[in-house]
1. Is it the case that the range 224-233 has a residue that's assigned by TED's automatic domain parsing to the domain that holds MET173, over 17 Å from GLU268 (Cα atoms) and either of a type in the set (D, E, K, R) or touching a Cys at 6+ places or on another chain (Cβ under 9 Å) (or both)?
2. Considering only the range 292-336, state which residues are among the small types (Gly, Ala, Ser), under 29 Å from ARG359 (Cβ atoms) and touching a Pro at 6+ places or on another chain (Cβ under 9 Å).
3. Give just the number: which of (1) more than 20 Å from the chain's Cα centre (by Cα); (2) small (Gly, Ala, Ser); (3) under 30 Å from PRO110 (Cα atoms) does SER213 not satisfy?
4. Pull out all pairs, ordered by first then second residue, where Cβ-Cβ is under 7 Å, the residues are six or more apart or on different chains, the first lies in the range 397-417 and is closer than 18 Å to GLN374 by Cα and touching a residue at least 60 places away in the same chain (Cβ under 8 Å), and the second is crowded, with 20+ Cβ neighbours inside 10 Å and not aromatic (Phe, Trp, Tyr).
5. Would you be able to say whether some residue in the range 337-346 is hydroxyl-bearing (Ser, Thr, Tyr), surrounded by fewer than 18 Cβ atoms within 10 Å (Cβ to Cβ) and part of a loop (DSSP other than H, G, I, E, B)?
6. Can you give me the number of residues within the range 18-43 that are at pLDDT 85 or above and small (Gly, Ala, Ser)?
7. TYR418 fails exactly one of the following numbered conditions: (1) part of a loop (DSSP other than H, G, I, E, B); (2) more than 26 Å from THR286 (Cβ to Cβ); (3) among the aromatic types (Phe, Trp, Tyr). What is the number of that condition?
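The values are calculated or read from the model by the stated rules, or taken from the named source; none is laboratory data. All values reported here derive from a predicted model rather than from experimental measurement. Positions of Cβ are generated from backbone atoms using ideal geometry, with glycine treated the same way; all protein chains shown enter the neighbour counts.
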Amino acid sequence: MKRKRMILSALAISMVCTVPIQAAQVSADMAVIEVDGKLHQLPAYLIEGNYYFKLREVAGMMQGTHGAFRVDWNSQQSSIVITSGVETKEEKTSAVFDRASYDAVPSSAPVFIDGSYVNLKAYNIGDYTYFKLRDLGETLGFEIGWRERDKRVLISTEADTSKAISPWEYQRMLGKGMDVDWSKTKGGRENYTEQTVEDFAAAGISHVRIRISEDADEALLELLDQQIGDCLKHGVIPVIAYQADDFKNNPNQKNMDKAVQWWGTVAERYQDISPLLSFDLLIEATDALNKQPDALNEYFEKATAEIRKTNPERILIISPRLRSDAAYLEELEIPSQSNGYLMAEWHFYAAGPSKTNERKLWTTGTKTEKALIQEKIDLALAWQKKTGIPTWVGAWMPGNYNDGDDYTIEEQSVFAEYMRESLEQAGIPFAVNSDTKFYDREENKWIANMQPIFQKIFGK
């Protein structure tokens, strides 16, 4: 699939002001900007009919995308230095303006992008320099558009998805996601609509882990076709994750072959789909399979070989035993046909924290409780460094919803915020368990009382 081209009612973000603007005066407003499906709000300053934005805030907004860039100041040359493809620390923005208008002075500082001088019109407002998004997009290579119906700026930075994606790039792209039962449960299948994906994308969810427990029959595959297509359409990365219950509960050769053939059918079906789609080969090794790590590695070897017949460069994801515990990553054997397109998944707190279980204890976030989280993250980082294979947390839950549900919303929010910050600092993407705790799929709306927790995880 070639790089997406936005079909928009207008291809520029220039907006005509209905009130005449005096020379050297600007008016202030908040602009809603959608970057690869994620919503942002930035202060905008209207000068001569065009919106201008603080350069460092744009850089912060673009981090984690293909349009990422860093801004520096060269004090010796009194110039602005922009380096493309480099992450920057996000600038905090405020939705409140102190004054209704500001003085604007044309900037005289030269601008260099990747070492080359570029002629960009800019203004100094206070102590900062402001640029037009359209100019930045043209020089840095991301697309700018405008959607009239909701007065929204649209930015696309997506890579050419006709080419394979490296695992490390994929790790960066995954960001913050959610486990979903759209294809796993009866309720999930019956209530799925495209509106769900639209709502997920608008809320800042960048990927979904689509869990599946059924046979790969035509009815399932047709529904999966729709879900994958909707995700790609709305900028949400789809990850297919297979339950393989028969094999996990009785890991004999017959059940292993059945699970491998499931992947053969699915892989053949989606061999021409965007490489943004990845295959998660097993949802949590539990039960009898925990006692047979050799059988788990054999399954990954055979499933990988089967998938590679039709998908030589698709990202595949393997996971260790004992509910994908990071402590067992060391036991994983790298499939011989992984072809360099492999990631590892691990879980912790997949069923939430506990107020009594010492292995996943969380009360108020004591030093000891936080150390339990950091210990698992450190194990994953060490394994990544040793193997050169990136990892991803396939599931964690803010509360113990299935085991007592005795954490208040405030307690869950504190835990969720620490988990998010810890994983983000480590550069490890994650999926939250699960959609039904946050989203009412029958009404197609977010569950109101869970929003404080949700915002701690996915909010800007």
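1. The answer is yes, given that some residue of the range 224-233 is assigned by TED's automatic domain parsing to the domain that holds MET173, over 17 Å from GLU268 (Cα atoms) and either of a type in the set (D, E, K, R) or touching a Cys at 6+ places or on another chain (Cβ under 9 Å) (or both).
2. Passing the criteria: ALA295, ALA326, ALA327.
3. (3)
4. PHE415/PRO353; PHE415/PRO398
5. Looking for residues that are hydroxyl-bearing (Ser, Thr, Tyr), surrounded by fewer than 18 Cβ atoms within 10 Å (Cβ to Cβ) and part of a loop (DSSP other than H, G, I, E, B), one finds none in the range 337-346, hence no.
6. Final tally of qualifying residues: 1.
7. Among (1) part of a loop (DSSP other than H, G, I, E, B); (2) more than 26 Å from THR286 (Cβ to Cβ); (3) among the aromatic types (Phe, Trp, Tyr), TYR418 violates only (1).
A quick yes/no check of all residues on (1) surrounded by 19 or more Cβ atoms within 10 Å (Cβ to Cβ); (2) under 17 Å from VAL208 (Cα atoms); (3) charged (D, E, K, R):
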| position | (1), (2), (3) |
| --- | --- |
| PHE415 | yes, no, no |
| ARG420 | yes, yes, yes |
| PRO429 | yes, yes, no |
| VAL432 | yes, yes, no |
| THR436 | no, yes, no |
| TYR439 | yes, yes, no |
| PRO452 | no, no, no |
